[in-house]
């Protein structure tokens, strides 16, 4: 089975995450998209990070009706900070019958060279780079890299949503309804 790994904090999950996953499943030939909830990103500040069990519950609500979407929490049992290379190897060893491909946005592609063991990732795993309108991809000719050029883009971020909630803005159309209500009612209020 060909599985796309869409890793992220999902802090909180929003329609941009879901639209990307839907596009990849329908148009890029993935059998499944696994949402890999990262407990902590070594390149980000952990200060605004919601509890991982809450992020899991919100993501479960968001994808419950999509049979090609699954959640992967394999990283939760790994030493922290955990790194993408270690997670990919663990997935490869634990599920040898599957082919795992890493999905990253062009915002992450431009800093990919800062990732731990990025060359090892590049040599051993396929990477699909999804476009982000504010980030130009630096195209790189390598058999394990595919630049998804014509994909639709929904420019929304979890940081924008968190900021909007704190400012009291109406964000109901940026997130699945049940998720939106729970996030607004319980989180990020001043």
Dividing the mean separation of Cα pairs under 8 Å (6+ apart) by the residue count of the range 22-158 yields a relative contact order in percent of 19
A chain fully extended from residue 94 to residue 51 at 0.36 nm per residue, minus the present Cα-Cα distance, gains in nm 12.9 nm
Rounded to the nearest 500, the 222 nm mean residue ellipticity computed for the chain from DSSP H runs (n ≥ 4, each -39500 (n - 2.57)) alone is -10000 deg cm²/dmol
In degrees rounded to 10, the 0-90 angle between helix 15-27 Cα long axis and the longest Cα principal axis of the chain is 40
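Have a look at the DSSP beta bridges in the chain and tell me what percent are antiparallel, nearest 5. Please report the intermediate quantities before stating the final value.
Values: 1 of 24 bridges.
Counting DSSP beta bridges with both partners in the chain, the antiparallel share is about 5 percent.
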Nearest 10, in degrees from 0 to 90: the angle of helix 52-63 to the longest Cα principal axis of the chain is 90
Taking Cα atoms, the helix 84-94 axis meets the longest principal axis of the chain at an angle in degrees (rounded to 10) of 70
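Say R0 is 30 Å: what FRET efficiency, to the nearest 0.05, do residue 80 and residue 185 get from their beta-carbon distance?
Numbers: r = 29 Å, r/R0 = 0.98.
The pair residue 80/residue 185 has a calculated efficiency of 0.55.
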By the C-alpha gyration tensor axes a ≥ b ≥ c (rounded if a/c is under 1.5, else prolate when a/b exceeds b/c, else oblate), the shape of the range 88-183 is prolate
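So what's Rg/Rh here for the chain, counting alpha carbon atoms and using the Kirkwood radius for Rh? Don't skip to the answer; put the middle values down first.
Working: Rg = 16.2 Å, Rh = 17.2 Å.
Ratio of gyration radius to Kirkwood radius for the chain: 0.94.
Values in this text are rule-based calculations from the coordinates and carry no lab data. Because the structure is predicted, anything quoted here is derived from the model rather than measured. Virtual Cβ from ideal backbone geometry, glycine too; neighbours counted across all protein chains shown.
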